[in-house]
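Written out below as structure tokens is the structure these notes cover.
The values are calculated or read from the model by the stated rules, or taken from the named source; none is laboratory data. Bear in mind that the values here come from a model prediction, so they are computed numbers and not experimental data. Note that each Cβ is placed from the backbone with ideal geometry, even for glycine, and that neighbours are counted across all protein chains shown.
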Amino acid sequence: MTTLATTSRSSALFRRKQVEQLISEGGQGQGGSLHRSLGVWQLTMLSVGATLGTGIFVVLGQAVPEAGPAVVVSFVIAGLTALFSALSYAELAGAVPVSGSSYSYAYVTLGEIVAWICGWCLILEYGVSVAAVAVGWGQYLNELLDGTLGVTIPAALASPPGDGGYFNLTALVVVLLAMVFLLGGAKESARANTVMVVVKIATLVLFCAVAFLGIRAGNYAPFMPLGMAGVSAASTTLFFSYVGFDAASTAGEEARNAQRDLPRAIMLSLAIVTLLYCLVAAAAVGAMPWQRFQGSEAALAEIMKSVTGQRFWAVLLAAGAVVAIASVVLTVLYGQTRILFAMSRDGLVPRVFARVHPRTGALRANTVIVALFCGLLAAAVPLGQLAEATSIGTLFAFALVNVAVIVLRRTRPDMPRAFRAPLFPLVPAVGFILCIWRMFDLDAVTWKVFGIWMAVGLAFYFAYGRRRSRLAAAGE
């Protein structure tokens, strides 16, 4: 009897939702439904907006000293590493076009407890990254204000306690601005994001145009001064500049033609970002000797100023960075609310996160709660190592998506798929291995934070989610 009860409890943890059930629930929330208003262009801009942010504006100062001029190759390697997981995301986004991204994919393939763990990782990834990115926004805003008006925000109001300030007001402001856009609905948010993405792409293209004027052929020699080991190390640093391409998958229930457009948006956004990264890197190392990148967190601004001899261009770049980071905050906050919406609809988190405004289709209560939490976290808590924990949460979710592709191909081989990852099962298998490899490459303190977060998440699931699961209530 005890053995049977234990087996029953164990199987209940791995109960799965049917794909058809998940799709039939699409868009439905408490009091209203999400509006299908996003086309492939808006979805692509959503993923580009989440990916193309602080990374390219500061990451060269870390990666170029590791690889030298061959940092361009490092960007390509990092992009190919992300490509394996992107192909898996594209297949599942087309086959299971719902909100929730990898959380929903895990629910139909690996079971409820795995889906919960995946969702909990996404909450860490999205929530903390919103706060971390918001902190960086104030630094670029100060540079912009100093260059245009000759004023700066006092350190007391531009940094959290423990980092030289009392309250990071600028971080809270940018999160609240993103919240205001999201409260208008997905269509209005997508429009605002598209404008911001166009601005930041234009800023990077302008940088390339200016930097190419200052290119010296000698700066590319030797091309690989630190060997292939340096190129590989830099690719590890740069991999996280690609995180965010999966943002479109959180919009599965607000896309007009999700099965067709989601795979296209994911792959197109990765191609756009990779091309921009390689162009910026090639222009940057050609315009400034690679040794001078050491310790520079504003390499692009330095190059603009050096080539033109005028500070105006550096200020213009700071303006582009302000817009770029605001776009990241908006899109990542959007993704966070949609994941919580999916988890709430399944009963695993409180129902308030599934409330939909009947007129606008906005998740008002969800958005306000998440924005206030992330904004106050950024304003009042020195994130430090916690911000690095987003990397491990992201990689874990990516790894599960690769596994989910394999499982769904085996269990539902005849299910319609708008896109199929090529060379199955090689592509998802390699994607999984690369994610695990990157995870074990992270610091021990990151694993410690991740372990604590997982323990808290499992405690919440067994105390709340397991008992209120809609799948359990239906006896499935």
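Numbers below:
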{"quantity": "Hits in the stretch 264-283 (condition: more than 16 Å from PHE84 (Cβ to Cβ), touching a helix residue (DSSP H, G or I) at 6+ places or on another chain (Cβ under 6 Å) and either surrounded by 24 or more Cβ atoms within 10 Å (Cβ to Cβ) or of a type in the set (A, V, I, L, M) (or both))", "calculated": "ALA265, LEU268, ILE272, LEU276, TYR277, LEU279, VAL280, ALA281, ALA282, ALA283"}
{"quantity": "Residues of the stretch 388-427 satisfying the condition of being of a type in the set (A, V, I, L, M, F, W, C), surrounded by fewer than 19 Cβ atoms within 10 Å (Cβ to Cβ), over 19 Å from ARG16 (Cα atoms) and in contact (Cβ under 8 Å) with a residue 40 or more places away in the chain", "calculated": "ALA418"}
{"quantity": "Restricting the stretch 383-427 to residues that are closer than 20 Å to TYR126 by Cβ and among the β-branched types (Val, Ile, Thr), the residue that is modelled with the highest pLDDT", "calculated": "VAL401"}
{"quantity": "Criterion violated by ASP261 - all others in (1) closer than 20 Å to ALA86 by Cβ; (2) surrounded by fewer than 24 Cβ atoms within 10 Å (Cβ to Cβ) satisfied", "calculated": "(2)"}
{"quantity": "Tally, over the stretch 127-174, of residues that are of a type in the set (Ser, Thr, Tyr), modelled with pLDDT under 85 and part of a helix (DSSP H, G or I)", "calculated": "3"}
{"quantity": "Test set (1) hydrophobic (A, V, I, L, M, F, W, C); (2) in a helix (DSSP H, G or I); (3) buried (at least 17 other Cβ atoms within 10 Å of the Cβ) - ALA455 fails condition number", "calculated": "(3)"}
{"quantity": "Of all residues making up the stretch 239-268, the number that are over 18 Å from the mean Cα position of the chain (by Cα), among the acidic types (Asp, Glu) and part of a helix (DSSP H, G or I)", "calculated": "1"}
{"quantity": "Qualifying residue in the stretch 409-423 (condition: of a type in the set (A, V, I, L, M) and part of a helix (DSSP H, G or I))", "calculated": "no"}
{"quantity": "Tally, over the stretch 159-196, of residues that are more than 24 Å from the chain's Cα centre (by Cα) and free of Cβ contacts under 8 Å to residues at least 60 places away in the same chain", "calculated": "3"}
{"quantity": "Among the residues listed as VAL195, VAL174, the single one being surrounded by fewer than 17 Cβ atoms within 10 Å (Cβ to Cβ) and under 26 Å from ALA301 (Cβ atoms)", "calculated": "VAL195"}
{"quantity": "Members of the stretch 344-359 found to be surrounded by fewer than 17 Cβ atoms within 10 Å (Cβ to Cβ) and among the β-branched types (Val, Ile, Thr), listed by number", "calculated": "VAL352"}
